[in-house]
1. Using modelled amide H (1.01 Å from N, peptide plane; none on Pro or chain starts), what sits under 5 Å from the amide H of VAL396, excluding residues fewer than 5 places away?
2. Using a Gaussian network model of the chain with C-alpha springs under 10 Å, which one of PRO156, PRO283, PRO65 is most mobile by mean-square fluctuation?
3. Could you give me the radius of gyration and the Dmax of the chain, taking only the C-alpha atoms into account and expressing both in angstrom?
4. When ranked by the protection proxy of mean other Cβ atoms within 10 Å per residue, highest first, what sequence do the peptides 386-394, 336-344 form?
5. How do 204-210, 10-16 rank on mean C-beta neighbours within 10 Å, highest first?
6. How large is ³J(HN,Hα), in whole Hz, for each residue of the stretch 394-407 in order, when computed from phi with the Karplus curve 6.51 cos²θ - 1.76 cosθ + 1.60 and θ = phi - 60°, using x for Gly and Pro?
7. Take the chain, connect every pair of alpha-carbon atoms lying under 10 Å apart with a spring to form a Gaussian network, then pick out the residue of PRO253, PRO420, PRO82 with the largest mean-square fluctuation.
8. What ranking of THR105, THR415, THR43 emerges when the number of other C-beta atoms within 10 Å of each C-beta is taken as an exposure proxy, fewest first?
Amino acid sequence: MNGGVQPASKQSMRRHNLALVLRQVAAGQSASRATVAAQVGLTKATVSSLVEELRLAGLVVEHVPENQGRVGRPGGALALNPRGAAGVGVEVNVDYTAVCVADLTGAPRVRLTERVRNRGRSAEETLYAAGRLAARACAAARRAGLAPVQVNLGVPGLVRDDEVLHAPNLDWHRVPAAMLLKRGLGRQPLEVSVDNEANLAAIGEFQARPAGAGDSFLYVSGGIGIGAGLMVDGTLFRGGGFAGEIGHVTVRPDGGECGCGARGCLERYAGQDALLLAAGIDPAQPADPDLPPVGAEARGRRGEGQFGLATATSEGPVDQLAALAAAGDEAATDALTVAGRALGVVLSSAVNLLDPPEVVIGGIYARLAPWLLPILQEQLNSRVTSGRWRPDRLQVSGLGAEAAVRGAAGAGVQTILRDPSAYIDLTSPAG
Ligand SMILES: [Zn+2]
């Protein structure tokens, strides 16, 4: 917008102030330019020009009351533009790939799920297909007036610098995941970041919490692998980068060998495959034939350019396990008891070590909560040494299997909100 080259200090000031104003708009209830100026401590003229830049970039909309005249008058109510930039979440898991596009307000607008056995395929093939699915979701989002810019990919493994170092359940070693996903995305101007899927699920859980809910909790996601994310005052605790590998906490030192190379890991007792096998269900059974190979892209109200959500990721064999347990099948309830005890022992240790105000179970554990909760409560009651364990500290995620892909899309939105100048420079014709 300013033709000439700005000195570095001026550019960093603009960058800082754009983020400050956008954050205020995101947090505010219909704030005007004047109230934002008062809140951030900048002059009205400065805020007005920053707002104008955000508005022209499509990040902010200004609702001017009808009797107030032309657009852009300082009295209008500012809000994030639900038809502007969008974050894209991609989750590649063992038995499905999912994509979610969220608008700037964090609302999911396009959702695609492909039930596919990614274990046994090469990482190149899996990530290319995931990129193609994401490209399809982005095309649907563009038709709804959105501009997808940031992709966050979640994978069940150890991630560093957008590379997957090891994902035991996918049999991936040193996979340059961001680069391989980009191949499938084609020639789209999208930035790609990679993270552990349980980290993204914890972020998704945090973003979906109702106002007033606590911002510190331990999230535990059940699936073929088991991951955790520790949220501390709204920030994910990453340790040295690999925190949260709760599936590889030892339950029995001499137990069976785990895909990670160690023995007796929690995953061997409470992971999806272990649970299904113990219940007499074939974990490798083909996906539910009633499900289409690619989840329908829901058509919405055209005028508003809205896309509804396609059916949430269905667990297939996990639903079968739940149905058997509900019917009182002994093998199924025994399997859930064994898994619940192992999980309860590990959660109790985690609570004794970290004392998080809440523990949230998600992924397949949300689906299996009717059977797992009483066992987990019993374990926590008897093992948490402070004696302060209360049943309401154990919660069930409302997002279920959606948490990771929703969190990935939300994390993409946060990247845009944190640094709107990067988005503006990327999309402006001059840049
Ligand atoms: Zn292990």
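Values quoted throughout were computed directly from the atomic coordinates according to the rules given, and no laboratory measurement underlies them. Fair warning: this is a prediction, and the values are worked out from it, not measured in the lab. Cβ coordinates were reconstructed from backbone atoms using ideal geometry, including for glycine residues, and neighbour counts include every protein chain displayed.
1. Amide H neighbours of VAL396: ILE361.
2. Among PRO156, PRO283, PRO65, the largest mean-square fluctuation in the Gaussian network model of the chain belongs to PRO65.
3. In Å, with Rg to one decimal and Dmax whole: 23.1, 76.
4. On the way: 386-394: 12.1, 336-344: 21.9.
Per-residue Cβ counts within 10 Å, averaged per peptide and sorted highest first, yield 336-344, 386-394.
5. Details: 204-210: 19.9, 10-16: 13.7.
Put in order of decreasing packing, that is 204-210, 10-16.
6. The phi angles translate into 9, 10, 10, 5, x, 8, x, 6, 7, 4, 5, 6, 5, x Hz.
7. Ranking PRO253, PRO420, PRO82 by mean-square fluctuation puts PRO253 first.
8. Numbers: THR105 13, THR415 19, THR43 9.
So the ranking, lowest neighbour count to highest, is THR43, THR105, THR415.
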